[in-house]
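Have a look at the structure below before the remarks.
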Amino acid sequence: MKRNANGSGSIRQRANGKWEARVTIGINPGTGKPIRRSIYGNTQKEVRQKMTAVIRELDKGTYQEPSKMTVAEWMDEWLSTFCTNSVKPLTYSSYEGIIKNHIKPSVGSIALQSIKGTHIQKLYNDMTKQGLSAKTVKNVSAVLHKALSVAMKQGFIIGNPCEAAELPKATKHEIQPLSDEEIPLFLQAIESDSMKNAYALCLFAGLREAECLGLSWNQVDFEQGRITISQQLQKEKKKGAKYYIADTTKSGKPRTIEPPAIAFEYLREEHLAQQQNRLRAGEVWSNPENLVFTNTVGNHLAFSTFYKHFKKIAEKIGRPDARPHDLRHTAATVAIASGSDIKSVQDLLGHATASFTLNVYTHTSEKMMQDTANRMQSYYENLAKKA
């Protein structure tokens, strides 16, 4: 009975000479009538083979109604329907950019039901040939994998073809913090720079650039010597992009840190300078977010300006390769070298796990472990002498 209702078929030759097979693919639950699909071909043999393939899929439960939807069309649907209210604005913008710049140009025109692992592998290979990093390829893969996983759950495709493609091996980027000799040179070099206090805070508190430039005075507790990191300055990733304050951190969780007292010395200096700028600016002063670091009329600082100023300073101290993010690396390295445990460093930096912190600062943590071993050795030697 089930076979007659689902999977039965018939073949006939049409008036134009073409052949047609009609296959029952299911029963309409509302009317109880069979749902049939027509398959066409130039010969009876061709149509019979197609019909047999459909019946085989029906028996296996893997049959799908043909769809002309392309990968590009599905990516747009996935983005607007499944991402709009479920991801952060910055993440949404990032997905948009990845889809527009990488996925659509490469596999966008392919029918969603026809995309294979080979198509995706070619996408990865082409990106690598263009000189894009393994991390960039991985980011593109993550977006495509998520979108196709949802397509699979919705019944548009049977499996996720991303599973059949291999990502390029990522080469671990070795961090380059400022050395013990370079730190004093850096602090001296920033003395005459208008962004001095922002750079100093990144160095002493290990803040990310976006966290530093998005920091509000409401988050600074001078009395307790604490800073709460719960927001960041961000810029839209599109033409005519605007800056905005994102009320979250990269990890998605706020954190409260207690940096060394010297960090608050620079913050107090910035607070005084800002008050003076406010008096000079008068009515044109505008700082609605109560940001710590602003220009002379209260507006937020620009990432590009922050970067350019830093590169000039880095050049002065003989480190033209240094980036603003290396100040954060320096803070972590100094914390570990001075005896802080990995969990404390994780909390300072806002990493999701201590294992991630250990992985990033492998060389420094190895030195810390060796120092611990030496201290334990000394302890046991002293016990032996007392025995």
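Read-outs throughout are calculated quantities, based only on the coordinates presented, and are distinct from any laboratory measurement. Only a predicted model underlies this, so the values are computations on that prediction, with no experimental measurement involved. We place every Cβ from the backbone using ideal geometry, glycine too, and count neighbours over all the protein chains shown.
Points worth noting:
- When Phe264, Phe222, Phe156, Phe186 are arranged by Cβ crowding within 10 Å, least crowded first, meaning fewest neighbours, the order is Phe222, Phe156, Phe264, Phe186.
- Between helix 44-60 and the chain: long-axis angle, C-alpha atoms, 0 to 90°, nearest 10: 50
- Size of charge dipole - the chain - debye, nearest 20, with Cβ of Lys, Arg +1 and Asp, Glu -1, no other charges: 2820
- Around the amide H of Thr70, modelled in the peptide plane, lie the amide H atoms of Leu112, all under 5 Å away and 5 or more residues distant in sequence or on another chain.
- Nearest-ten-degree value, helix 261-281 long axis tilted from longest Cα axis of the chain: 80
- For the chain, built as a Gaussian network whose Cα springs stay under 10 Å, the top-fluctuating residue of Thr333, Thr248, Thr118: Thr118
- Prolate/oblate/rounded label for the stretch 198-340 (Cα gyration tensor, a/c 1.5): rounded
- Most mobile listed residue (Leu207, Leu112, Leu132) in the chain, GNM with C-alpha springs under 10 Å: Leu132
- From least to most packed, judged by other beta carbons within 10 angstrom and beginning with the fewest, Thr70, Thr228 follow the order Thr228, Thr70.
- Gyration tensor (alpha-carbon) shape descriptor, the stretch 71-164, a/c threshold 1.5: oblate
- The GNM of the chain, with springs linking C-alpha atoms under 10 angstrom apart, assigns the highest mean-square fluctuation among Thr305, Thr256, Thr294 to Thr305.
- Adding -39500 (n - 2.57) for every DSSP H run of four residues or longer, then dividing by how many residues the chain holds, sets the calculated 222 nm ellipticity at -15000 deg cm²/dmol.
- For the chain, a Kirkwood hydrodynamic radius built from all Cα pairs, placed in the Stokes-Einstein relation at 25 °C and 0.890 mPa s, yields a translational diffusion coefficient of 94 µm²/s.
- Scalar couplings 3J(HN,Hα) for the stretch 101-115, obtained by applying the Karplus form with A = 6.51, B = -1.76, C = 1.60 to θ = phi - 60°, are 8, 10, 6, 4, x, 8, 10, x, 7, 6, 4, 4, 6, 9, 5 Hz; x denotes Gly and Pro.
- Once the Cα atoms are used to define both axes, helix 303-316 deviates from the longest principal axis of the chain by about 50 degrees.
- When each of the peptides 208-214, 134-140 is scored by how many other beta carbons lie within 10 Å of its residues on average, the order from highest to lowest is 208-214, 134-140.
- Sequence of Glu77, Glu174, Glu270, Glu265 once ranked by neighbouring C-beta atoms within 10 Å, starting from the fewest: Glu174, Glu265, Glu77, Glu270
- Karplus (6.51, -1.76, 1.60) ³J(HN,Hα), θ = phi - 60°, over the stretch 198-210, in Hz, Gly and Pro reported as x: 5, 5, 4, 5, 4, 5, 8, 10, x, 6, 6, 4, 5
- Relative contact order [Cα under 8 Å, 6+ residues apart], the chain, whole percent: 11
- Converting phi to 3J(HN,Hα) with the Karplus coefficients 6.51, -1.76 and 1.60 and the offset θ = phi - 60°, the stretch 155-164 yields x, 7, 9, 7, x, 9, x, 4, 5, 9 Hz in sequence order, with x at every glycine or proline.
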